[in-house]
Each structure stands twice: as C-alpha cells, then as structure tokens.
Amino acid sequence: MANVASPLQYGDPPGLGPYVVQARLHAAPAGFVYLAQSPDGRAVSLAVLTRGAAYDAAARDRFVTAIREAGGRERSGLRGRLGRPGRSRGAVLDGAPEVLAYEGGRAPWVAAPYAPGQPGAEWFLDPVMVGGTFIGAAHGPDFVPYWLTDRAPALPGPGRPPRPLTETRKRVLLAALTLVLLLLLVTAILLVMLLGRRDSEPQPRQLPPTVFVPTPPPTPETPVPQPSPSQSPSPSQSGPSTPGRSPGEDPGDEAPL
C-alpha cells in the first residue's frame, strides 16, 4: 500500500457516513482507499469499491463477506448498517485490520484505523479480485473481470430519482382535483351565460296562419248602350235656328203683321 496521500480527484466522495474524506491513499483494481477523519479526530482509512465491482453481485459479496469475517459480526457486535466493535475484540482473521464501521448495500464501504506502514482498509479489497482457479495452483489464464474498465468510485445514494413523498403526492392530487373543479366551474358559467343570452334575445313575432281561398274569375257584365253625343248643327245645315235674318233674305218678303 502506498502511504503517500494524493489530493482528491473529481468523483471522489467528500464523506462517507460520519467520516470526512481528506485525501486519496491507494487506487486498486477493485476500489479506492481514502484518508479520512472520524468525528473524534482520529485518522481512518476508508475502502470503497469501484462502480464496476459494486455492480457485480459476486464481487460485492466477496467484499462484504471479508468485512464481516474480519470484524466478527457475532463476536464483536456489528449491527445494522454501521457497526462499531469494541477495542478489546481483535480481528478474527490473521492480518486483518480492525473494522471501525462499514456499510453494505449496493455501494459498500469499510473504515479501519490508519497507521502508516500498517494494513488498513485496502486489505478488504484483495479478496474481491480472483485469478486462475480456486483449487490448487492456477492452471490456466488469469480471470479478468469484465468490470475493470469502470473505474469510478461507487458512492452510496439512489441510482434513480427519488420517488415523491406521500405528502407531496397528496398535495399533487389535491392540486389536480382543484384544477379540475375550477375547469368544471368555468365551463358551467360559460354555459349559463350562453343559454341566458339566447333566452333574453327577442324572438321573432309569428304571423297568423294564412288561409288561401281561391276566388272565381270575374264574369263580364252586359254593356248598356249609351247614346252617342249629338253633334251641334253647323250654319249650313237645316234645322231650327235663331230668329233673325238669313243671308240673302229680303226684308220685304216678310208677312205683314
């Protein structure tokens, strides 16, 4: 293990559990080791799997099994997600460091005391890698995990957006119901306005029904003969005339009275 600390890089966690990450100590094929500080000021080393190893169920199980065996869950009293064994309870396996705390799940990590030159949390990364065969010496090519290319640290946290809380769901449903009621109210008001407008408009006055009775064609009446107007006699025509002398009449021809 390299005891020389290097600055944190992009993607490194700022903290894990109650520990504040300060620097990077070691980078292994299966994970990373960080220098951190506990709440009481003690220096600790934190081992975290890579994202590729954490996605592999078998590799993740080997990491967690090594932690539990080293910490002696039944003997040291590791409970739940964070376990804190007593100092008087030593490590179960030879050479394994003391387990201060660990967390399982999809992004497991383990905390061990940090002492320069002494094995720390990186000890738990060795069982994750396997090579050759499990029986006797290796007889074939080394086993290369498929997840070696994913070198980002596996950080605890939801992999997908968190689902809304129950209270948030209630508020969303209440807001949706209120919106539906408002839409129904506006629709009802518009219908009432339209119907009221139609009722208030003056209706056209209806005319009485027309009864058509055909009349017979007029019959021509017999014309009454009318006297034709008489023409006034001219002086040359005979007839009663005004007493007087006629032209060419001699006054001596008159009979004596």
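The values are calculated or read from the model by the stated rules, or taken from the named source; none is laboratory data. Note that the coordinates shown come from a computational prediction; the quantities given were computed from them, not determined experimentally. We place every Cβ from the backbone using ideal geometry, glycine too, and count neighbours over all the protein chains shown. Accessible surface is based on the protein model in full, side chains and every heavy atom, while ligands, DNA and RNA are left aside. Shrake-Rupley method; radii C 1.70, N 1.55, O 1.52, S 1.80 Å.
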Condition check: part of a loop (DSSP other than H, G, I, E, B), within 22 Å of Gly15 (Cα to Cα), open to solvent by 50 Å² or more (accessible area, probe 1.4 Å) and at pLDDT 85 or above. Does Pro116 satisfy that?
yes
Which ones in the range 28-38 are under 42 Å from the mean Cα position of the chain (by Cα) and either part of a strand (DSSP E or B) or surrounded by fewer than 18 Cβ atoms within 10 Å (Cβ to Cβ) (or both)?
Pro29, Gly31, Phe32, Val33, Tyr34, Ala36
Does the range 76-93 contain at least one residue that is in contact with a Phe, Trp or Tyr (Cβ under 7 Å, 6 or more places away or on another chain), modelled with pLDDT of 85 or more and either over 25 Å from Ala152 (Cβ atoms) or of a type outside the set (A, V, I, L, M) (or both)?
no
Is it the case that Gly11 is outside any strand (DSSP E or B), exposed (fewer than 14 other Cβ atoms within 10 Å of the Cβ) and among the small types (Gly, Ala, Ser)?
yes
In the range 131-174, the residues that are surrounded by 10 or more Cβ atoms within 10 Å (Cβ to Cβ), modelled with pLDDT of 65 or more and under 29 Å from the mean Cα position of the chain (by Cα):
Leu155, Pro156, Thr168, Arg169, Lys170, Arg171, Val172, Leu173, Leu174
Would you be able to say whether some residue in the range 178-196 is open to solvent by less than 100 Å² (accessible area, probe 1.4 Å), over 25 Å from the mean Cα position of the chain (by Cα), modelled with pLDDT of 75 or more and under 30 Å from Val21 (Cα atoms)?
no
